[in-house]
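This report refers to the structure that appears directly beneath it.
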Amino acid sequence: MAIDYSQRIPNNVDLSGDRRLQRALENWQPRFLDWWKDMGPDGTVNFDVYLRTAISADANGWANFGYVKMPDYRWGIFLAGQDPNRVIAFGDNKGKPAWQEVPGELRSTLRRLIVTQGDTEPASVEQQRQLGKTAPSLYDLRNLFQVNVEEGRHLWAMVYLLHAYFGRDGREEAEAMLERHSGDPDKPRILGAFNEKTPDWLSFFMFTYFTDRDGKYQLASLAESGFDPLSRSCRFMLIEEAHHMFVGESGVGRIVQRTCELMKQHKTDDVRALGAIDLATIQKYLNFHFSVSLDLFGQEASTNAANYYTQGVKGRYLETRLEDDHLLTNATYDIDTAEDGRIIRKTVPALAALNERLRQDYIEDCSRGLVRWNRTIEQAGIDFELRLPHRAFNRRIGAFADLHVSPDGKVLSESEWKAGEGKWLPTVEDRTYVTALMGPAIVELGKYANWIAPPSRGINNQPGDFEYVRFN
Ligand code: BYC
Ligand code: FE
Ligand code: FE
């Protein structure tokens, strides 16, 4: 499906056929651009960046690369193609035609989910605002900006739904998206992880590996929604999301690789003396970002999640490929939860356990990258294994929020936790070290910071010394 780029707002939703909506969004557009200039990548308005832009909403529409100044990026409204025969796949409305309008009784539920989803997108851009100044290479700088513009577009995707389907409330919510800010004490972003800082590139790569992957799982669940415009928006967003996780996985992988090279070459674990990041510190950052991202799945036992499902608003991961009744009224699911200060396994109604089930799918997906990182360590002949901490470790949301739990799943007393915390999570010293390691951005063609290996290939088959960003 072709995207109309002749419009002020590129789109494949025939926006010019709805003047009112078009005007409303054209009104929001300059406010978005103001936000981008104030809160987006700092000091970059004149950079020419070698970016990928979608020219159509199918898989082939992606291979379109060229230099763009980020404020001129053609943010727009792209939905995956419509299946006119699509039916709702689960819940009480299973088998009925997918909704093309918002059912009145689901209005506030849908609005809330769309607002929560939309809020994370500009939040991540705000979190990453200063990273350009310490980029380890032009290649990495370009990838950061690609992620940033696409997160900006994800905001557009949700703002379109709010404007098109939620009337005045929707327009107000769209404004509020630009008024809440990551880490703002008065008007913070909605979900915890999006108020944390992303002050260095190890954090950035961990964030894109773990937190963008929450995006993948949440978007996939919303892609099952009976509300068809939401489903189609999320399907298109998922194509963009794959790149973000690639940036994370390859970024962490390249840091691990460089660390291992130095360990081997100098026969030492103390790579800090050599200006790199030791494996123990990488593990601590991993522990932090994984646990903070687990919180994004909500409570282990959630009536909200049960209602979303029964109402046909939010499904399971790959719902249509699962083989069961898609009602789950009589089904059960085993979850880990906390009772009387202990971690126990418990059988609960499957409907209540949907957040936990999605978290389980997510954890399994997360572990795949670790296999690859660990292969690098093993091939270097180093006796060390990166591990995902226990799901109860360092949680703020859900059944484990009141417990202290070690990475290997042991419930701890307050003093045991205090004694171990600095071994498991980045300390102030660790953060100071990593931040200081990120020197000024490396801008020579084909050069990389000492603490990260070069990528195995360039973007769009470009050579390693390609000029991915021109500063002007
Ligand atoms: N922080 O019944 P529960 C992405 C609240 S990332 C603060 O479990 P529910 C991206 C909850 O609101 C994907 N509060 O809630 C990545 C509820 O409040 P009320 C983002 C939290 O609704 C990188 C109460 O606790 N998308 O795209 O089933 C870069 C009870 O909890 C948190 C979505 O999240 C938290 N972490 O589950 C860029 C999808 N967790 O009702 C982008 C939309 C829970 O008591 N959101 N609470 O006032 C949802 O599906 C759900 O809102 C959640 C929470 C899964 C987040
Ligand atoms: Fe996103
Ligand atoms: Fe993303």
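The numbers here are math on the coordinates, done by the rules we state, and not lab data. Just so it is clear, the structure is predicted and the values come from calculations on it, not from any experiment. Using ideal geometry, Cβ is built from the backbone for each residue, glycine included, and neighbour counts are taken over all protein chains shown.
For Lys284, a cut-off of 21 angstrom between C-alpha atoms picks up these lysines, skipping any fewer than 8 places away in its own chain: Lys197, Lys410, Lys418, Lys423.
Taking a ≥ b ≥ c as the square roots of the eigenvalues of the Cα gyration tensor, an a/c ratio of 1.5 or more together with a/b no larger than b/c marks the stretch 339-379 as oblate. Summing Lys and Arg as +1 and Asp and Glu as -1 over all other residues whose Cβ lies under 13 Å from the Cβ of Lys346 gives a net charge of -4. Computed from phi, the 3J(HN,Hα) profile of the stretch 138-150 under the Karplus parametrisation 6.51, -1.76, 1.60 (θ = phi - 60°) reads 5, 4, 5, 4, 4, 5, 4, 5, 4, 4, 4, 5, 6 Hz, with x in place of Gly and Pro.
Stretched out straight at 0.36 nm per residue, the stretch from Asp83 to Tyr433 would grow longer than its current Cα-Cα span by 120.8 nm.
Here is the list for the stretch 230-290: trypsin sites (Lys or Arg not before Pro) lying in DSSP coil, each with at most 16 other C-beta atoms within 10 angstrom of its C-beta, are Lys267. Round to the nearest 0.05 the FRET efficiency obtained for Thr347 and Asp408 when R0 = 30 Å and r is the Cβ-Cβ distance. Once rounded, the FRET efficiency stands at 0.80.
With the cut-off at 1.5 for a/c, could you classify the chain from its C-alpha gyration tensor as rounded, prolate or oblate? Since a/c reaches 1.5 but b/c is at least a/b, the shape of the chain is classed as oblate.
Projecting the Cα atoms of Val49, Ser291, Gly312 onto the charge dipole of the chain (Cβ charges, centred on the Cα centre) puts Val49 farthest toward the positive pole. Modelled spin labels at Ala331 and Arg31, positioned 7 Å past Cα toward Cβ, are 4.1 nm from each other. A Förster radius of 35 Å combined with the Cβ-Cβ distance from Gln462 to Glu378 puts the calculated FRET efficiency at roughly 0.65. Below 8 Å, C-alpha to C-alpha, sequence gap of six or more: please give me the relative contact order for the chain in percent. Here the relative contact order equals 19 percent.
Simple rule: put +1 on each Lys or Arg Cβ and -1 on each Asp or Glu Cβ in the stretch 15-470, find the dipole, and look at Phe204, Pro389, Pro185; the Cα lying farthest toward the positive end is Phe204. Computed on the stretch 317-384, with alpha-carbon pairs under 8 angstrom and 6+ residues apart, the relative contact order is 22 percent. Centre-to-centre separation between the Cα atoms of the stretch 279-348 and those of the stretch 228-255: 21 Å. Across the chain, the longest run free of exposed loop sites, meaning GluC sites (Glu not before Pro) lying outside DSSP classes H, G, I, E and B with no more than 11 other Cβ atoms within 10 Å, spans 180-322.
Return the loop-located trypsin sites (Lys or Arg not before Pro) in the stretch 1-77 (DSSP other than H, G, I, E, B) with at most 15 other Cβ atoms within 10 Å of their own Cβ; answer none if there are none. Passing both the DSSP loop test and the Cβ count: Arg8. Contact order for the stretch 1-115, expressed relative to its length and based on alpha carbon pairs under 8 Å spaced 6+ residues apart, stands at 23 percent. Length gained on full extension, Glu444 to Arg8, computed as 0.36 nm times the residue gap minus the Cα-Cα distance: 153.4 nm. Once backbone amide H atoms are built at 1.01 Å from N, Ile88 has Gly95, Lys96, Ala98 as its partners under 5 Å, excluding neighbours fewer than 5 places away on the same chain.
3J(HN,Hα) along the stretch 289-297: 5, 5, 5, 5, 6, 4, 4, 5, 8 Hz, from the Karplus curve 6.51 cos²θ - 1.76 cosθ + 1.60 with θ = phi - 60°, whole Hz, x for Gly and Pro. Using a simple spin-label model with pseudo-atoms 7 Å out from Cα toward Cβ, Asp186 and Ala63 lie 5.1 nm apart. Taking a ≥ b ≥ c as the square roots of the Cα gyration tensor eigenvalues, the stretch 164-221 comes out oblate, since a/c reaches at least 1.5 and a/b does not exceed b/c. Looking at the stretch 361-415, the trypsin sites (Lys or Arg not before Pro) that sit in a DSSP loop and have at most 13 other Cβ atoms within 10 Å of their own Cβ are Arg396.
For Lys69, the lysines whose Cα comes closer than 24 Å to its Cα, not counting residues fewer than 8 places off in the same chain, are Lys37, Lys133, Lys447. From its DSSP helices (H runs of at least four residues, each -39,500 (n - 2.57)), the chain gives a residue-normalised ellipticity at 222 nm of -15000 deg cm²/dmol.
Listed by chain and number, the aspartates and glutamates placed with their C-alpha closer than 15 angstrom to that of Lys94 are Glu224, Asp228, Glu319, Glu323, Asp324, Asp325; residues fewer than eight positions away on the same chain are left out. Each residue in Ser6, Ser302, Ser293, Ser367 was given a count of other beta-carbon atoms within 10 angstrom of its own, and listing them fewest first yields Ser6, Ser367, Ser302, Ser293.
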